[in-house]
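Enquirer: So that we are looking at the same thing, I have put the structure below in structure tokens.
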Amino acid sequence: MNDKQINKQEIDLSYDKQHIWHPYTSMTTPIPCYPVDSANGCTISLTSGEVLVDGMSSWWACLFGYNVKELNEAATQQLAKMSHVMFGGLTHQPAVDLAKTLIEITPKGLEKVFFSDSGSVAVEVAMKMALQYWQSLGQNKTKFIALKKGYHGDTFAAMSVTDPEGSMHELYQDFVAKNYFTEQPSINFDQPWQQSAMDDLSTLLAENHQHIAALILEPIVQGAGGMHFYHPNYLKAARSLCDQYGVLLIADEIATGFGRTGKLFACEHADISPDILCLGKAITGGYMSFAATLATTKVATTISEGKAGVFMHGPTFMGNALACSVANANLKKLLSTDWQQLVFSISSQLNSQLLRCEQLPSVNKVRVLGAIGVVELHRSVDMVNIQKQFVNLGVWIRPFGKLIYVMPPYVASKKQINKLCDAIYQVCKKIDE
Ligand code: PMP
């Protein structure tokens, strides 16, 4: 590294600090950001020369790591043709191919696809679909049921179904729509099932179903709300209750979709199909912001035959051709890879290597599902300090609250997973010193 590079880095960082907002941060006391030069395979290279093993897949998105040959090629080929054309009145093969693949691989019955720009928008679209569905049927169903400790995004409708405590609700409470919240599913993924776990949802639906448009949930894994893995029977029973009470089921698989939990979609753990499905994050393999909301033919035709006659949403970058092409290449790679074996192998390694953290006094519980490993501490961590320790240990892991968690790219090597697990152990051990 020469002096010029060091200078450049310093200038960039101070400008960044003064002018650029990062996620969930203060503009006056921002947390430090590490300047990235490039990313390749399962590593992120900082401008300081350090190379970090990526434990985050850039927030669930990079299934095959960074700078992936096939995805680069798909992007450059598509760029030479067109990056984007408006989707109103125009269409293209990348969008058609992507819709075909999504319809083929997602749980059965989902046959109509709405492309949008991000996960939060996919959730907004799903909620609007549910509202318009009931409006078309002449029913006044305008509320949603969501799960406590759930998370569905940062836009207003998404916030209105995100856990109301300790989240953004408080800040915007006079503006956020009021919805119903049922208890967090109480039985863990691998615990013995008890039907009483459905009591709260069952009562809520029995008492309020006439106002409820849909139940929205993250199937099996509640992510940002606490990395909770719940029992597949909850999902199965929730599907039945929705059918019983005439309420739509929206599955938000923005984080869980495309194999992360060991099934291609987390709904498969319970063998259910939702009425509406939200996808995002890993759809383009982490290359660009893109999302999709899928609906059943019944939902789509009911909306289309209703008073409005159309579904009322149409973002500027809907069906972006560049994103569709990269998504097609990503899904082609995923489906032609033995991804299940890759996820299984990461899962086994996380299980065996993270478990020793449970012996540390700072650690409450370790849990692993698919290619997701979570170490839950007794107390919240000082994120800035812990982040620095991880960087010093050569890994990129970003904890929140009491949770230190990893969801590495599926192609991470045994050595790289080992490095992630070892760094977590070292950092947890240090907390106890
Ligand atoms: N739903 C879930 C389950 C998520 O994890 C996220 C993102 N963390 C979102 C929705 C929102 O997606 P985005 O950040 O792309 O808007």
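The values are calculated or read from the model by the stated rules, or taken from the named source; none is laboratory data. Keep in mind that what you see is a predicted model, and the values were worked out from it rather than measured. Note that each Cβ is placed from the backbone with ideal geometry, even for glycine, and that neighbours are counted across all protein chains shown. Side chains included, ligands, DNA and RNA excluded: accessible areas come from the protein's heavy atoms. Shrake-Rupley method; radii C 1.70, N 1.55, O 1.52, S 1.80 Å.
Enquirer: Sort 404-412, 105-113, 141-149 for me by packing, meaning the mean count of neighbouring Cβ atoms within 10 Å per residue, highest on top.
Expert: Peptide ranking by packing, descending: 404-412, 141-149, 105-113.
Enquirer: Whole angstrom only: what separates the Cα centroid of segment 130-194 from the Cα centroid of segment 95-124?
Expert: Between the Cα centre of segment 130-194 and that of segment 95-124, the gap is 22 Å.
Enquirer: Right, next: Counting only heavy atoms of protein chains, what accessible area per residue, in Å², does segment 71-336 have with a probe of 1.4 Å?
Expert: That works out to 41 Å² for each residue.
Enquirer: Moving on. Accessible area of residue 376, 1.4 Å probe, to the nearest 10 Å²?
Expert: Its heavy atoms expose roughly 40 Å² to the probe.
Enquirer: Right, something else. Quick check: the angle from helix 119-136's long axis to the longest principal axis of the chain, C-alpha only, nearest 10 degrees?
Expert: Here the helix axis deviates by roughly 10 degrees.
Enquirer: Ignoring ligands, DNA and RNA, what percent of the 1.4 Å accessible area of the chain is carbon and sulfur?
Expert: Percent of accessible area from carbon and sulfur atoms in the chain: 53.
Enquirer: Quick one: which residues, 5 or more positions from residue 395 or on another chain, have an amide H under 5 Å from its amide H? H modelled 1.01 Å from N in the peptide plane, none for Pro or chain starts.
Expert: Correct list: 53.
Enquirer: Rounded if a/c is under 1.5, else prolate if a/b beats b/c, else oblate: with a ≥ b ≥ c from the C-alpha gyration tensor eigenvalues square-rooted, which is segment 116-274?
Expert: It comes out rounded by the Cα gyration axes.
Enquirer: Round to the nearest 10 and give me the degree value, 0 to 90, for the angle of helix 232-245's Cα axis relative to the longest principal axis of the chain.
Expert: The two axes meet at around 30 degrees.
Enquirer: Please state the Cα pair-distance histogram of segment 294-433 with 10 angstrom bins from zero: what percent is in each bin?
Expert: Whole-percent P(r) values from 0 Å outward: 11, 29, 21, 18, 14, 6, 0.
Enquirer: With a Förster radius of 30 Å, plug the Cβ-Cβ distance of residue 100 and residue 155 into 1/(1 + (r/R0)^6) and report the FRET value to the nearest 0.05.
Expert: 0.60
Enquirer: Let me ask something else about it. Within 10 Å of each candidate Cβ there may be at most 10 other Cβ atoms; applying that plus a DSSP loop requirement, which trypsin sites (Lys or Arg not before Pro) in segment 251-316 survive?
Expert: Passing sites in segment 251-316 are 307.
Enquirer: Could you pull out every one of the lysines with an alpha carbon less than 16 Å from that of residue 429, ignoring same-chain neighbours closer than 8 positions?
Expert: Leaving aside lysines fewer than 8 places away in the same chain, those within reach of residue 429 are 365, 388, 402, 419.
Enquirer: P(r) for segment 214-358, please, calculated from all Cα pair distances in 10 Å bins and given in %.
Expert: P(r) for segment 214-358, in whole percents per bin: 10, 32, 35, 18, 4, 1.
Enquirer: Would you tally the net charge around residue 102, using a Cβ to Cβ cut-off of less than 12 Å, leaving residue 102 out, and scoring K and R as +1, D and E as -1? Spell out each step's value before the answer.
Expert: Details: positive: 100, 112; negative: 97, 104, 111, 253.
Summing Lys and Arg as +1 and Asp and Glu as -1 gives -2.
Enquirer: Moving on to the next point. What FRET efficiency comes out for the pair residue 348/residue 308, r = Cβ-Cβ distance, R0 = 41 Å, nearest 0.05?
Expert: 0.20
Enquirer: Using a/c under 1.5 as the rounded threshold, could you call segment 48-105 rounded, prolate or oblate? The axes a ≥ b ≥ c are square roots of the C-alpha gyration tensor eigenvalues, and prolate needs a/b larger than b/c, oblate otherwise.
Expert: Details: a/c = 2.76, a/b = 1.83, b/c = 1.51.
Verdict is prolate for segment 48-105.
Enquirer: Could I ask something else about it? Any chance you could give the angle, 0 to 90 degrees and rounded to 10, that helix 199-208 forms with the longest Cα principal axis of the chain?
Expert: Once rounded, one gets 40 degrees.
Enquirer: So how much accessible area does residue 42 have, in Å² to the nearest 10, using a 1.4 Å probe?
Expert: Counting only protein heavy atoms, residue 42 exposes about 10 Å² to solvent.
Enquirer: Quick one: what are the phi-derived ³J(HN,Hα) couplings along segment 74-82, Karplus 6.51/-1.76/1.60 with θ = phi - 60°, whole Hz, x for glycine and proline?
Expert: Rounded to whole hertz, the list is 4, 5, 5, 4, 5, 4, 5, 8, 5.
Enquirer: Using the Cβ atoms and a cut-off under 13 Å, what net charge is assigned to the surroundings of residue 276, where Lys and Arg are +1 and Asp and Glu are -1?
Expert: -1
Enquirer: Comparing 391, 343, 125, which has the greatest mean-square fluctuation in the GNM of the chain with Cα pairs linked when under 10 Å apart?
Expert: For the chain, modelled as a Gaussian network with Cα springs under 10 Å, the answer is 391.
Enquirer: When the solvent-accessible surface of protein heavy atoms is calculated with a 1.4 angstrom probe, in what order do 97, 16 fall, highest first? Walk me through the intermediate numbers first.
Expert: Numbers: 97 60, 16 35 Å².
Listed by decreasing accessible area, they come as 97, 16.
Enquirer: Ranked from the most accessible area to the least, with a 1.4 Å probe and all protein chains present, what is the order of 181, 400?
Expert: 400, 181
Enquirer: Give the Rg/Rh ratio for the chain, taking Rg as the radius of gyration of the Cα atoms and Rh as the Kirkwood radius, to two decimals. All intermediate terms of the calculation are to be shown ahead of the outcome.
Expert: Numbers: Rg = 21.8 Å, Rh = 22.6 Å.
A ratio of 0.96.
Enquirer: Continuing with the same structure: Rounded, prolate or oblate: which one fits segment 156-221, using the alpha carbon gyration tensor with axes a ≥ b ≥ c (rounded when a/c is under 1.5, else prolate when a/b beats b/c, else oblate)?
Expert: Taking the square roots of the gyration eigenvalues as a ≥ b ≥ c, segment 156-221 is oblate.
Enquirer: Residue 116's amide H: which non-local residues (gap 5+, or another chain) put their own amide H closer than 5 Å, with H modeled 1.01 Å from N in plane and none for Pro or chain starts?
Expert: So residue 116 has HN proximity to 291, 292, 293, 319.
Enquirer: For the peptides 168-178, 332-342, what is the packing order when you average, over each peptide's residues, the other Cβ atoms within 10 Å and list the highest mean first? Don't jump to the answer; show the numbers that get you there.
Expert: Details: 168-178: 11.9, 332-342: 15.1.
Ranking, from highest mean packing down: 332-342, 168-178.
Enquirer: Using a cut-off of 11 Å between beta-carbons, work out the net charge of the residues near residue 223 (Lys and Arg +1, Asp and Glu -1, residue 223 not included).
Expert: Surrounding charge for residue 223 is 0.
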